Amino acid sequence: MTGNHTEHQQDNGPRHKRDLTRRKVVVAGAGAAVAVGAGTALASGAFADETSTAGTSTTSEACYKLTSETTEGPYYIDADKIRRDITEDKEGIPLVLNLKVIDAETCKPIANAAVDIWHCDALGIYSGYESLSTGGGGTAPTDAPSGTPSGTPTGEPPSGAPSGGTGGGGGGGHEEPTDDERYLRGTWRTDKQGRVAFKTIFPGWYRGRTVHIHTKVHVDGKWTDAGYEGGHTCHTGQFFFAEEAVLASAEVEPYSTSTTERTTLTEDTIYDQSGTTGGLLKLKYDKKNIAKGVVGSITMGVDPDSTNDGTSL
């Protein structure tokens, strides 16, 4: 999505970029309501009280640093679900994602921004691209994911993925959706403190990528009865998970049924190893029972005057 100053140029570009310029979304009636009551007490409690946990521990660090920009990846679908609960009927460990968006130069919160998140399900499948996604399922593997993977992933890359095997998290250009599913995707508005919270599930993994969530931040647009229109994308990034949490999730169904080899955080080609600045989430969960739910939080320092749509990285 771009602002008015580039609209004429974008109109002559690929269709998916033109769609971003004329950003229009439809709120799907009751489907846009947030089902806060679903999930575990840990997850739903944090979701209901988003302002008490969103970004409180990372503001001082992120305030003076721009959060890393990453590629959009081939599986982005412009915001067609205005909702905070993006779970739908997908099985997995409940995850509440508490986000805060600030101006990296002034440290002031950015209100009324539109924040997109999207990610694969517990078995590595992206909605809208089920036939292109690489995941794994069926019989539980004998070599469950560990901190020391055996080496280079095997198998053919998905359609549209580069030879490096980054799949839905790397480059390869935009792919048009292949189905009408939209689970684990959503957009919501930041409040006066720049905060927004989403209810979802802990993502799984797929060949060539560590566990991650995609995000975009759009500013200078307008919220209308139809959704969010106009403006430009000032940040395109990804959120990442500590190895300890990923290993714990791999012991819980349906993650434990995955037969896909996992790429660790230090092996990932997208994560820049810079911690919070690179999108590493602060996680809270019961170390003895991660299945109860996870709360992840981070503050994103962005430049609201820049355009970073993630399509040219």
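The values are calculated or read from the model by the stated rules, or taken from the named source; none is laboratory data. Predicted model, so just to flag it, every value in this text is computed and none were measured. When we count neighbours, we look across all protein chains shown, and the Cβ atoms used for this are built from the backbone with ideal geometry, even at glycine. These accessible areas exclude ligands, DNA and RNA; they are computed on the full protein's heavy atoms, side chains included. Shrake-Rupley method; radii C 1.70, N 1.55, O 1.52, S 1.80 Å.
Data overview
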| quantity | calculated |
| --- | --- |
| Members of the stretch 220-260 found to be modelled with pLDDT under 95 and either closer than 21 Å to GLN273 by Cα or touching a helix residue (DSSP H, G or I) at 6+ places or on another chain (Cβ under 8 Å) (or both), listed by number | GLY230 |
| Residue satisfying condition, being assigned to a loop (DSSP other than H, G, I, E, B) and either among the small types (Gly, Ala, Ser) or modelled with pLDDT under 95 (or both), within set CYS120, CYS107 | CYS107 |
| Single match in SER131, SER163, SER146 (criterion: at pLDDT 50 or above, of a type outside the set (A, V, I, L, M) and more than 27 Å from TRP188 (Cβ to Cβ)) | SER131 |
| Test: residue in the stretch 243-256 that is under 21 Å from THR70 (Cα atoms) and open to solvent by 10 Å² or more (accessible area, probe 1.4 Å) | yes |
| Residue tally, condition open to solvent by 10 Å² or more (accessible area, probe 1.4 Å) and polar (S, T, N, Q), over the stretch 82-106 | 2 |
| All positions within the stretch 201-236 that are open to solvent by less than 10 Å² (accessible area, probe 1.4 Å) and of a type in the set (Lys, Arg) | ARG209, LYS216 |
| Number of the condition not met by LEU280 [criteria: (1) more than 19 Å from LYS108 (Cα to Cα); (2) open to solvent by 50 Å² or more (accessible area, probe 1.4 Å)] | (2) |
| From the options LYS222, LYS199, LYS192, residue that is among the basic types (Lys, Arg) and without any contact (Cβ under 8 Å) to a residue 12 or more places away in the chain | LYS222 |
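Per-residue answers, yes or no, for (1) within 19 Å of the chain's Cα centre (by Cα); (2) without any contact (Cβ under 8 Å) to a residue 60 or more places away in the chain:
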| site | (1), (2) |
| --- | --- |
| PHE240 | yes, yes |
| GLU244 | no, yes |
| GLU251 | no, no |
| TYR255 | yes, no |
| SER274 | yes, no |
| GLY278 | yes, no |
